[in-house]
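Presented below is the structure to which this report refers.
The values are calculated or read from the model by the stated rules, or taken from the named source; none is laboratory data. No experiment lies behind these values; they were computed from the predicted model shown. Reconstructed Cβ throughout: ideal geometry from the backbone, glycine too, with neighbour counts over all protein chains shown. The accessibility values were calculated without ligands, DNA or RNA, using every heavy atom of the protein model including side chains. Shrake-Rupley method; radii C 1.70, N 1.55, O 1.52, S 1.80 Å.
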Amino acid sequence: MFLSVFDMFKVGVGPSSSHTIGPMVAAARFLDHLRAQPFAVAGVRASLHGSLAFTGVGHATDRAVILGLAGIRSDTYDADAAEAALAAVKDTHTIAPNGLPVLRFHPKDDLIFDYGPALPGHVNGMIFKGLDAQGDTITQVTYYSVGGGFVLTDAELAAGKDTDHGPPVPWPFKTAAEMVQMAETSNKTIARLKRENELSRRTVTDLDDGLQRIWAVMNTCIDRGLATDGILPGGLKVRRRAKGIHDALLAERGLNQPAPHTINDWMSAYAMAVNEENAAGGQVVTAPTNGAAGVVPATIRYWLDHVPGAAASRVPDFLLTAAAIGGLIKFNASISGAECGCQAEVGSAAAMAAAGLCAVLGGTPAQIENAAEIALEHHLGMTCDPVRGLVQVPCIERNGLGCIKAVSAASLALRGDGVHLVPLDAAIETMRQTGADMSEKYKETALGGLAVNVPNC
């Protein structure tokens, strides 16, 4: 099993990796499909199913599909270009992607929210169709957005293409137990194992530059969120809070004897800054998803800004260790709120952040595995119940608490010797089973929990 650090940490756009980035990726893939066809296509149509239909408007899925069909990519997203593309589609009822003729696409008629049963492969399903001049379907592809911006066709999902089929890597661990054993036997850190696996697929320059970019985008997102206030879009009238909290913390710095628990407010401010930017449709890094994008960068920022001896040169080790844990969770369970609830999003992010922090604080492989297990264990059963389907309530605050749990988990693990009762592999399997048993109402559909018990108008 190999999942690249750049698959786990993707530069994208808010508010949702599965509902925004995934549909943009699927639309781009469908354009490639059309370019490969021998026959003339005159128009396109798309339908959204399952969770993509029920919470698609709140997650800007309609906007994402339109932008993807217009040729806008999430990893190179430019807000001005996106707004211009949206305006052009709405004015002309056409799209003009590179390498294809001008195609009919009227969002009102050709972007369908299907509230019937979900498609069989996954709760986040969508169907793209190519139409002839008479409006009849001449080609179609079903895509599934399986979490974290990952997209599979129905054929790929059936064939198991969500697992790695590339050349062998030097350290092919599929479980946390294998990972720890390999690290201890080779006398290498988990970050080193992950780095050597990455270098079997890419150059040193590509890896190092890519990791620097990931952290730069994360850090810039924090700074942007800490400097911006106002009301978030979507109709709930949720006010941005990160800037106000941060301003108050800065003002208190000169006071004597601040309460020790104030450090929690710093962590929350960093995480909330990211998720407020995500809710506003800004540029974020999936970590492992958009809904949980604040936990890992907030934990890194906490370490850099508040822990003596922290050094930016160690951030790559943090990211590589976190990605190793995230890959295990995705491979053996899920990182998708639509599949397993928020335990799969913020729970996974907290496990990744706890492992990364433990690593840069000098933890052994066993302590790192313990840190990840503690963080994941104490998110088990967490539902995904966003009010009005928006990635705002309870998602924004939940990232702050995820960061606090991650730091606590790393600290607890470092106080021990790595020996503990519940293995990380058992916690991951428990999360998978819990997600399978969880009612669909609590898996990103906005049909249960806070989503129905909080007035949202």
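Within the accessible area of segment 188-301, the carbon and sulfur atoms contribute 50%, probe 1.4 Å, all protein chains present. Projecting the Cα atoms of T203, Q257, N187 onto the dipole axis of the chain, where Lys and Arg carry +1 and Asp and Glu carry -1 at the beta carbon, places Q257 farthest toward the positive end. The Cα center of segment 315-366 and the Cα center of segment 91-161 differ in position by 31 Å. Placing +1 on the Cβ of every Lys and Arg and -1 on the Cβ of every Asp and Glu, with no other charges, gives segment 323-457 a dipole of roughly 300 debye about its Cα centre. Since only T286, P168, A96 are under comparison, the one whose Cα sits farthest along the positive direction of the charge dipole of the chain, derived from C-beta charges on Lys, Arg, Asp and Glu, is A96. Peptides 75-81, 172-178, 105-111 ranked from most to least packed, by the mean per-residue count of other Cβ atoms within 10 Å: 172-178, 105-111, 75-81. The residue among L152, A87, C384 whose Cα reaches farthest toward the positive pole of the charge dipole of the chain, with charges on the beta-carbon of Lys, Arg, Asp and Glu, is A87.
Ignoring ligands, DNA and RNA, what percent of the 1.4 Å accessible area of segment 72-151 is carbon and sulfur? Intermediate values should be presented prior to the final figure.
Values: 2050 of 3890 Å².
Carbon plus sulfur share of accessible area: 53 percent.
For segment 194-350, the relative contact order works out to 22 percent when only alpha carbon pairs closer than 8 Å and six or more residues apart are counted. Taking the DSSP beta bridges with both ends in segment 1-139, the antiparallel portion is around 70 percent.
Counting only Cβ charges, +1 for Lys and Arg and -1 for Asp and Glu, the dipole size of the chain around its Cα centre is about 420 debye.
With a probe of 1.4 Å, find how much accessible area the chain has per residue, and write the answer as a whole number in Å².
Working: 18010 Å² over 457 residues.
Heavy-atom SASA per residue in the chain reads 39 Å².
All Cα-Cα separations within the chain were binned at 10 Å from zero, giving a P(r) of 5, 22, 31, 25, 13, 4, 1, 0, each value a whole percent of the pairs.
Evaluate E = 1/(1 + (r/R0)^6) for A158 and A311, where r is the Cβ-Cβ distance and R0 equals 56 Å; express this FRET efficiency to the nearest 0.05.
Efficiency computed from Cβ-Cβ geometry: 0.75.
Phi angles of segment 22-29 translate, via the Karplus equation with coefficients 6.51, -1.76, 1.60 and θ = phi - 60°, into HN-Hα couplings of x, x, 5, 5, 4, 4, 5, 5 Hz per residue; Gly and Pro are given as x. In the chain, Cα pairs under 8 Å separated by at least six residues give a relative contact order of 18 percent. Restricting the calculation to Cα atoms, every distinct pair contributes to the Kirkwood radius of segment 1-146, found to be 15.4 Å. When a 1.4 Å probe is rolled over the protein heavy atoms, the share of accessible surface on segment 314-457 that falls to carbon and sulfur comes to 57 percent. For the chain, DSSP calls about 80 percent of its internal beta bridges antiparallel. Shape verdict for segment 412-457, please, from the Cα gyration tensor: rounded (a/c under 1.5), prolate (a/b greater than b/c) or oblate. The shape class here is oblate.
Taking the Cα centre of segment 1-104 as origin, sum charge times position over the Cβ atoms of Lys and Arg (+1) and Asp and Glu (-1), and report the length of that vector in debye to the nearest 20.
Numbers: 8 positive and 8 negative charges, 64 e Å.
Charge dipole, segment 1-104, about its Cα centre: 300 debye, nearest 20.
Each of E196 and D247 was given a label point 7 Å from its Cα along the Cα-to-Cβ line. The distance between the two points is 5.2 nm. The packing ranking of peptides 61-72, 423-434, 19-30, highest mean first, is 19-30, 61-72, 423-434, where packing means the average number of other beta carbon atoms within 10 angstrom of each residue. Helices in the chain, meaning DSSP H runs of at least 4 residues, each add -39500 (n - 2.57). Divided by all residues, the mean residue ellipticity at 222 nm is -15500 deg cm²/dmol.
Straightening the chain between D206 and N187 buys 4.3 nm, computed as 0.36 nm per residue apart minus the Cα-Cα spacing.
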